[in-house]
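What follows is a short report on a single structure.
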Amino acid sequence: MKPVRKITATALPLDRSDVDTDQIIPSDWLKRVERTGFERGLFSEWREDPDFVLNDPRFSEARILIAGPNFGTGSSREHAVWAIQQYGFEAVVSPRFGDIFRNNSTKNGLVPVQVSADTARSLLDCVATEPATQITVDVERLTLSAPAAGISAEFPLEGAVQHRLLEGLDDIGLTLLHTEDITSFEDARPAWMPSLA
Amino acid sequence: MGRTPSARTLSEKVWDRHVVRQADGEPDLLFIDLHLIHEVTSPQAFDGLRLHGRPVRRPDLTVATEDHNVPTDDIAWPIADPVSRQQVETLRDNCEEFGIALFEMGSPGQGIVHVIGPEMGLTQPGMTIVCGDSHTSTHGAFGALAFGIGTSEVEHVLATQTLPQQRPATMSVTVEGTLPVSCTAKDVILAIIGRIGTGGGIGSVIEYRGEVVRSLSMEGRMTVCNMSIEAGARAGLIAPDDTTFQYLEGRPNAPAGPAWEAALDDWRSLRSDDDAAFDTEVVIDGSDLVPHVSWGTNPAQVAPIDGAVPHPDGFAEASSRDAAARALQYMGLAPNTPFKEIPVDTVFIGSCTNSRIEDLRVAAAVVDGRRVRPGMRAFVVPGSGAVKAQAEAEGLHEVFKAAGFDWREPGCSMCLAMNPDKLSPGERCASTSNRNFEGRQGKGGRTHLVSPAVAAATAVAGAFATPGDLR
Ligand code: SF4
């Protein structure tokens, strides 16, 4: 994973609540066994509508996705994160994220920026009227700011998650440093627990 | 009475006994007792292992099945769709290479991943269970801590048999009273989601409690826990009791002999302490519940089947109003239309929510001696090879076929549009599955979530109906 420190970019306003992962990437795209090539699947059904915001050229440079509450609920498909990232977004802003989506995002270096409903509302409104608004997501300070619009907010991220994002660290490598702990845990498990050996 | 500081909820107890490593400022490292995998969310994880030259740490705690891509009308190899076929072949190759037990299409053990774990006795109280699939919450019915994970986490579990996880918040949903006979477990969970919303459980593990929950069979409890994710919850669970133990005793992977007694002693301790505190508590009276049907495009958009499609103006919040208006447009529904006057094109009985033997028995009892409405497409997809065999031993397949239902092979089928079972644009479906998202059952398809009893009655009536509505 590449380190993520600070993102300064314009944003795309996706003014909808309950954007589930089936909408982010429909199941047709889940048959692929590769980890790349998902950008074309991003919101592929909604994109058929020429008025859908992703088709609006004013937002074609956006690297921050702003949405309503309950973004990324539903299916656990990590393909949703891959699609958003491969399309070119580096952060997603919402008042509330689905838990699995949130986890998947941080494993891939996509920053989930959770802000209050009021902040999200102001951001959606200001970006819709002024698409050139520059927004900065600072992972080191855990802040989001859009100075031109007078918006600034903090967002939460667990310390360990923030550290991994900043350093671009791989979880598995970190866990394997504790193999001894895993082995002693395994040795103490009751023998009757199910196993397919 | 004050609270004992050490009082813990069930989910906290299960959590605590799986902590491999705890350090300040870091998520707990949890040991995973059972890792279920299927063809859709695993290929990239195995690629990751190969890339780093890592083995699967515990193939003996890993089980694979084929479910999402399975064609349910003709399960005979090979799958016609080349992309689906490649995904299933990739799973087979990966299981072979890494030494993982796999239940292939057409083999007796094959089925939907959340149906086969419990029926093989692999799902037991107090375990941690994960799968690259959000409906892993199903296994919580046994008092296990079971949750869905993404592909990066699948790779992590394959490599280390552990997962770093933030401790979730606790939530209790108590359903009191006695459930009316017209209601099923599906109506209970639809009503709960309607009440707490799609984000109500985010960040939490829900423990379902109360008389109504206690009175449910294991099948019913699985239906309830299955849809925890639809309320946004990390997991859902129910304390194990005699119903749980009776279900497990004698199953292939359940402990036997003296080990059974040892396991029982342990399992009986798996309950929330009387004075344990939950971060959120919700209480619902189950005595006045009625069968529910979803009308929108998220699982919280549900209403009693006796009523009518709501009017968007009836929602206080602007965002709910907009969402309702959008949903009704997609669903092709006019506000205030009585549900029982809405014609339905397709009835699907299946999915990891409602494809177990008890679900099929209920549906068969409703359609026995009746006929599916002419022009209606209706089919039943058992959740596993074992469910199918049991249903056939009981003659249920004959009841369904005589009524005009298709009787299919086990798989996810029309729960999601990854195999040949799909809705066409505009087609309206009464479905026993768990998600009514736009396009979930096929592009442009319109899904209404219902119980097996309502689905069966609807197939006969041609519009939404309960068994009581059939003459
Ligand atoms: S039946 Fe549906 S919800 Fe269940 S595992 Fe299959 S696709 Fe997922």
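The values are calculated or read from the model by the stated rules, or taken from the named source; none is laboratory data. Here the structure is a predicted model, which is why all the values come from computation and not from measurement. Cβ atoms come from the backbone with ideal geometry, glycine included; neighbour counts cover every protein chain shown.
Looking across B:299, B:304, B:312, B:335, one residue alone is in contact with a Lys or Arg (Cβ under 7 Å, 6 or more places away or on another chain) and either aliphatic (A, V, I, L, M) or surrounded by fewer than 24 Cβ atoms within 10 Å (Cβ to Cβ) (or both). It is B:312. The listed residues are B:287, B:320, and the only one of them that is touching a Ser or Thr at 6+ places or on another chain (Cβ under 9 Å) and within 14 Å of chain A (Cβ to nearest Cβ) turns out to be B:320. Sub-7 Å Cβ pairs linking a first residue in the stretch B:125-139 that is away from chain A (no Cβ under 11 Å) to a second residue that is within 9 Å of the ligand (Cβ to nearest atom) and outside any helix (DSSP H, G or I), at least 6 apart or interchain, are B:138/B:352, ordered by first then second residue. A single entry from B:360, B:396 fulfils the requirement of being more than 16 Å from the ligand (Cβ to nearest atom) and among the aliphatic types (A, V, I, L, M): B:396. Being within 14 Å of chain B (Cβ to nearest Cβ) and buried (at least 24 other Cβ atoms within 10 Å of the Cβ) holds for only one residue in A:44, A:94, and it is A:94.
The number of residues in the stretch B:293-317 being in contact with a helix residue (DSSP H, G or I) (Cβ under 9 Å, 6 or more places away or on another chain) and away from chain A (no Cβ under 14 Å) comes to 13. Among the residues of the stretch A:56-63, is there at least one that is surrounded by 17 or more Cβ atoms within 10 Å (Cβ to Cβ) and within 11 Å of chain B (Cβ to nearest Cβ)? There is no residue in the stretch A:56-63 that is surrounded by 17 or more Cβ atoms within 10 Å (Cβ to Cβ) and within 11 Å of chain B (Cβ to nearest Cβ).
Tell me, which residue of the stretch B:427-444 that is part of a loop (DSSP other than H, G, I, E, B) and away from chain A (no Cβ under 14 Å) is farthest from the ligand (Cβ to nearest atom)? The extreme case among them is B:427. Against the list (1) within 11 Å of chain B (Cβ to nearest Cβ); (2) out of contact with any Asp or Glu (no Cβ under 9 Å at 6 or more places or on another chain); (3) surrounded by fewer than 22 Cβ atoms within 10 Å (Cβ to Cβ); (4) farther than 19 Å from residue A:16 by Cβ, the condition residue A:189 fails is (2). Can we say residue B:385 is more than 14 Å from every other protein chain (Cβ to nearest Cβ), within 16 Å of the ligand (Cβ to nearest atom) and under 19 Å from residue B:226 (Cα atoms)? The answer is no for residue B:385. Condition check: outside any helix (DSSP H, G or I) and either more than 30 Å from residue B:265 (Cβ to Cβ) or over 14 Å from the mean Cα position of the chain (by Cα) (or both). Does residue B:102 satisfy that? Considered against the rule, which asks whether it is outside any helix (DSSP H, G or I) and either more than 30 Å from residue B:265 (Cβ to Cβ) or over 14 Å from the mean Cα position of the chain (by Cα) (or both), residue B:102 comes out as yes. Among the strands (runs of 3 or more DSSP E) confined to the stretch B:1-76, the ones with at least 1 residues that are in contact with an Asp or Glu (Cβ under 9 Å, 6 or more places away or on another chain) and over 30 Å from residue B:414 (Cα atoms) are located at B:19-21, B:28-31.
For the stretch B:140-157, give me each residue that is within 11 Å of another protein chain (Cβ to nearest Cβ), in contact with a helix residue (DSSP H, G or I) (Cβ under 6 Å, 6 or more places away or on another chain), in contact (Cβ under 8 Å) with a residue 12 or more places away in the chain and not charged (D, E, K, R). Passing the criteria: B:147, B:148, B:150, B:151, B:152, B:154.
When residue B:12 is tested against (1) within 10 Å of chain A (Cβ to nearest Cβ); (2) modelled with pLDDT of 95 or more, exactly one condition is not met: (1).
Looking at B:139, B:135, just one residue is under 21 Å from the mean Cα position of the chain (by Cα), within 30 Å of residue B:262 (Cβ to Cβ) and buried (at least 23 other Cβ atoms within 10 Å of the Cβ), and that residue is B:139. Only one of the listed residues (A:36, A:129) is under 29 Å from residue B:420 (Cβ atoms), more than 8 Å from chain B (Cβ to nearest Cβ), surrounded by fewer than 19 Cβ atoms within 10 Å (Cβ to Cβ) and not aliphatic (A, V, I, L, M). That residue is A:36.
Taking residue B:165 as meeting all but one of (1) buried (at least 24 other Cβ atoms within 10 Å of the Cβ); (2) within 12 Å of chain A (Cβ to nearest Cβ); (3) touching a residue at least 24 places away in the same chain (Cβ under 8 Å); (4) away from the ligand (no atom under 14 Å from the Cβ), write down the number of the exception. Of (1) buried (at least 24 other Cβ atoms within 10 Å of the Cβ); (2) within 12 Å of chain A (Cβ to nearest Cβ); (3) touching a residue at least 24 places away in the same chain (Cβ under 8 Å); (4) away from the ligand (no atom under 14 Å from the Cβ), only one is false for residue B:165: (1).
Yes/no matrix, rows are residues, columns are (1) within 14 Å of chain A (Cβ to nearest Cβ); (2) acidic (Asp, Glu); (3) more than 19 Å from residue B:271 (Cα to Cα):
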position	(1), (2), (3)
B:186	no, no, yes
B:189	no, no, yes
B:198	yes, no, yes
B:206	yes, no, no
B:216	no, no, no
B:222	no, no, no
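Restricting attention to the stretch B:139-162, the residues that are within 16 Å of the ligand (Cβ to nearest atom) and out of contact with any Lys or Arg (no Cβ under 9 Å at 6 or more places or on another chain) total 4.
For (1) within 21 Å of the chain's Cα centre (by Cα); (2) within 14 Å of another protein chain (Cβ to nearest Cβ); (3) surrounded by fewer than 17 Cβ atoms within 10 Å (Cβ to Cβ), each residue gets a yes or a no:
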residue: B:237; (1), (2), (3): yes, no, no
residue: B:242; (1), (2), (3): no, no, yes
residue: B:247; (1), (2), (3): yes, no, no
residue: B:261; (1), (2), (3): no, yes, yes
residue: B:267; (1), (2), (3): no, yes, no
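Among the residues of the stretch A:139-161, are any within 14 Å of chain B (Cβ to nearest Cβ), among the small types (Gly, Ala, Ser) and buried (at least 16 other Cβ atoms within 10 Å of the Cβ)? Scanning the stretch A:139-161 turns up at least one residue that is within 14 Å of chain B (Cβ to nearest Cβ), among the small types (Gly, Ala, Ser) and buried (at least 16 other Cβ atoms within 10 Å of the Cβ).
Of all residues in the stretch B:65-115, those that are of a type outside the set (D, E, K, R), more than 21 Å from residue B:350 (Cα to Cα) and away from the ligand (no atom under 16 Å from the Cβ) total 14.
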